[in-house]
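Scroll down for the structure; my scribbles are underneath it.
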Amino acid sequence: MSERTLSHRAAIAGIGATEFSKDSGRSELRLAAEAVQAALADAGLTASDVDGLVTFTMDTNAEIAVARAVGIPELKYFSRIHYGGGAACSTVQQAAMAVATGVCDVVVAYRAFNERSGLRFGQVNSAVANQENSSGTDNAFSYPHGLSTPAAFVAMAAQRYMHEFGATSEDFGRIAVVDRKHAAVNPQAFFYGKPITLADHQASRFIAEPLHLLDCCQESDGGVAIVVVSPERARRLKQRPVSIAAAASGSGRDQFIMTSYYRDDLTGLEEMGLVGRQLWQQAGLSTDDVDVAILYDHFTPFTLMQLEELGFCGRGEAKDFVSEPGSLEVGGRLPLNTHGGQLGEAYIHGMNGIAEAVRQLRGDSVNQVDGASVALVTAGTGVPTSGLILTAET
């Protein structure tokens with residue numbers, strides 16, 4: 001199936017999530033099962049309706065284990081996507097392809113983990129330097145010199161970006177401030193009731209200069225699930241359907257995992273530019289059509305780079321784009337991460353961002369954008385990545 005024919009051939013009918021916390025007290029399997037059950041209930045479906053499951057390679061929950069835990073009788077399709085947070089929108093893309101081609105009727109994409117109380121992704125992980133591939137060889141050289149955490153990886157690119165374009169730490173901080181403003185009124189958010197100021201951001205300690213603590217997302221426990229069905233079936237279900245207008249994934253030249261330092265230009269995210277071009281072409285839309293943007297924000301500098309790669313502004317101009325008062329808030333030029341993002345709501349590898357886009361298009365977000373009909377969602381940055389354009393059914 002071509003990219004063009006996938007457009008509007010599948011819809012999101014249900015979303016579900018667990019509580020986002022520092023210590024859930026529940027196993028990853030239980031978190032996954034609870035998220036899937038919640039999404040099915042939201043759609044008005046049952047476990048017996050499901051015939052496909054899609055998740056991340058990094059998810060510890062095997063599809064058959066989730067199927068048993070939820071009560072799904074049999075699976076006609078299952079799939080796992082690589083590259084950490086870059087997989088988020090790809091899971092929905094895979095689900096949409098299974099539905100659009102007639103392989104499945106109901107596919108659920110899910111992600112669940114105990115990242116705060118268990119394995120903390122933001123820490124040094126020596127296994128990354130022991131891979132038997134070119135990435136392992138590269139990391140085996142850099143790890144002993146201290147380039148050994150996601151924050152450090154991003155800090156390298158951020159320093160170059162600042163040097164080339166004159167961006168400052170305060171420019172990065174504006175992303176954190178708007179995310180926390182939106183999270184502060186979201187009862188499900190990790191930082192509910194805890195907004196910050198730009199002064200708070202600047203006063204927070206450095207993690208890997210130029211990244212302050214408040215430039216970095218919090219690790220968290222939780223799970224999210226997304227139900228994908230045909231548009232025709234979605235119209236007969238419980239919720240207002242949300243159409244998948246475009247879904248894309250890709251990698252760039254000299255692509256590494258957050259350490260693509262061998263490119264001629266270190267100030268952008270080539271893979272996101274590629275994904276963005278695919279999205280606009282598939283959907284037949286442009287940046288002017290977007291009512292709300294849910295951009296992957298595990299680290300603030302990459303959010304600015306995404307704005308440029310996706311065409312919302314020119315290269316080096318994101319600092320000016322985000323500095324306009326209120327531009328990223330509800331009612332502004334481009335409402336951003338209205339759930340609080342991964343910096344404010346929770347870091348569930350971007351799946352909670354897809355859920356927020358669906359809420360916006362249904363009209364029931366806690367920070368609702370009036371008349372929202374087009375939402376852009378991106379997945380993990382610095383890695384092979386993916387994206388979605390979702391539209392409200394009229």
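Between the DSSP loop rule and a limit of at most 14 other Cβ atoms within 10 Å, which trypsin sites (Lys or Arg not before Pro) in the range 321-378 are left?
Numbers: sites: Arg333, Arg359, Arg362; in loops: Arg333.
Answer by residue number: Arg333.
What is the range 306-394's relative contact order, in percent, from Cα pairs under 8 angstrom and six or more apart in sequence? Don't jump to the answer; show the numbers that get you there.
Working: 103 pairs, mean separation 15.4, N = 89.
Relative CO of the range 306-394 lands at 17 percent.
At q = 0.26 Å⁻¹, what base-10 log of I(q)/I(0) does the Debye formula yield for the range 123-187 when every alpha carbon is treated as an equal point scatterer in vacuo?
With one equal scatterer per Cα and no solvent, log10 I(q)/I(0) is -1.01.
Before anything else, pin down the relative contact order of the chain: Cα pairs under 8 Å, at least 6 apart, normalised by residue count, whole percent. Could the numbers behind the result be given before it?
Values: 972 pairs, mean separation 97.1, N = 394.
About 25 percent, as a whole number.
Please report, as a whole percent, how much of the solvent-accessible surface of the chain comes from carbon and sulfur atoms (probe radius 1.4 Å).
On the way: 7380 of 14910 Å².
Of the solvent-accessible surface of the chain, carbon and sulfur hold 49 percent.
Provide the per-residue ³J(HN,Hα) series for the range 378-393, in order, calculated from phi with Karplus coefficients 6.51, -1.76, 1.60 and θ = phi - 60°, each as a whole number of Hz, with x at glycine and proline positions.
Per-residue couplings from phi come out as 10, 10, x, 10, x, 10, x, 9, 7, x, 9, 10, 10, 10, 7, 6 Hz.
Between Gln202 and Gln368, what is 0.36 nm times their sequence separation minus the Cα-Cα distance? Round to one decimal in nm.
Values: separation 166, 0.36 × 166 = 59.76 nm, distance 2.90 nm.
Between Gln202 and Gln368, full extension yields an extra 56.9 nm.
In whole Hz, with x marking every Gly and Pro, tabulate ³J(HN,Hα) for the range 244-252 from phi via Karplus 6.51 cos²θ - 1.76 cosθ + 1.60, θ = phi - 60°.
Coupling constants for the range 244-252: 8, 6, 7, 8, 9, 8, x, 10, x Hz.
Counting GluC sites (Glu not before Pro) as exposed when in a DSSP loop with at most 11 other beta carbons within 10 Å, what is the longest stretch of the chain free of them? All intermediate terms of the calculation are to be shown ahead of the outcome.
On the way: sites that count: Glu74, Glu132.
Between exposed loop sites, the widest span is 133-394.
Give, rounded to the nearest 20 debye, the magnitude of the charge dipole that the range 40-90 has about its Cα centre when Lys and Arg contribute +1 at Cβ and Asp and Glu contribute -1 at Cβ. Working shown, then result.
Numbers: 3 positive and 6 negative charges, 30 e Å.
Roughly 140 debye for the range 40-90.
Step through the table entries Lys22/Lys181; Lys76/Lys238; Lys22/Lys76; Lys181/Lys238; Lys22/Lys194, compare each Cα-Cα distance with 27 Å, and write down the pairs that go over it.
Working: Lys22/Lys181 20 Å; Lys76/Lys238 24 Å; Lys22/Lys76 35 Å; Lys181/Lys238 31 Å; Lys22/Lys194 15 Å.
Among Lys22/Lys181; Lys76/Lys238; Lys22/Lys76; Lys181/Lys238; Lys22/Lys194, the Cα-Cα distance tops 27 Å for Lys22/Lys76; Lys181/Lys238.
If you average 1/r over all unlike Cα pairs in the range 133-259 and invert the result, what Kirkwood radius do you get in angstrom? Can you show the working numbers first?
Working: mean 1/r = 0.0544 Å⁻¹.
In the range 133-259 this quantity evaluates to 18.4 Å.
Pairs of alpha-carbon atoms within less than 8 angstrom and 6+ residues apart define the contacts here; what relative contact order does the range 215-359 have, in percent? Write out the running numbers ahead of the final one.
Values: 173 pairs, mean separation 44.5, N = 145.
Relative contact order of the range 215-359: 31 percent.
If eta is 0.890 mPa s and T is 25 °C, what Stokes-Einstein diffusion coefficient results for the chain, Kirkwood Rh from Cα pairs, in µm²/s? Before the final figure, lay out the partial values.
Working: Rh = 20.6 Å.
Translational diffusion coefficient: 119 µm²/s.
Can you tell me the Rg and Dmax of the range 197-313, counting just the alpha carbons, in angstroms?
My reading of the Cα-based Rg and Dmax gives 18.0, 52 Å.
So what's the back-of-envelope 222 nm ellipticity for the chain, counting only DSSP H runs of four-plus at -39500 (n - 2.57) apiece and dividing by all residues, rounded to 500?
Working: 14 runs with 137 residues, N = 394.
Computed ellipticity for the chain at 222 nm equals -10000 deg cm²/dmol.
More than 19 angstrom separation, counting every C-alpha pair in the range 235-394; what % is that? List each step's numbers first, then the result.
On the way: 6599 of 12720 pairs.
Tail of the P(r) past 19 Å holds 52 percent of the pairs.
If you take the charge dipole of the range 281-394 about its Cα centre, with +1 on Lys and Arg Cβ and -1 on Asp and Glu Cβ, which of Asn337, Gln281, His298 is farthest toward its positive end?
His298
For the range 161-244, with only Lys/Arg (+1) and Asp/Glu (-1) charged at the beta-carbon, what is the dipole magnitude about the Cα centre, in debye rounded to 20? Write out the running numbers ahead of the final one.
Details: 10 positive and 10 negative charges, 173 e Å.
Dipole magnitude for the range 161-244 comes out near 840 debye.
Note down the Stokes-Einstein diffusion coefficient of the range 1-103 in µm²/s, whole number, using a Kirkwood radius over alpha carbon pairs, 37 °C, and 0.692 mPa s. Numbers along the way, then the final one.
Numbers: Rh = 14.5 Å.
Translational D for this selection: 226 µm²/s.
Just how large is the dipole of the chain about the Cα centre, in debye to the nearest 20, putting +1 at every Lys and Arg Cβ and -1 at every Asp and Glu Cβ? Kindly include the intermediate steps, with their values, before the conclusion.
On the way: 30 positive and 45 negative charges, 156 e Å.
For the chain, the charge dipole is close to 740 debye.
The values are calculated or read from the model by the stated rules, or taken from the named source; none is laboratory data. Bear in mind that the values here come from a model prediction, so they are computed numbers and not experimental data. Positions of Cβ are backbone-derived with ideal geometry, glycine not excepted, and every protein chain shown enters the neighbour counts. To get the accessible areas, we keep the full protein, side chains included, count just its heavy atoms, and leave off ligands, DNA and RNA. Shrake-Rupley method; radii C 1.70, N 1.55, O 1.52, S 1.80 Å.
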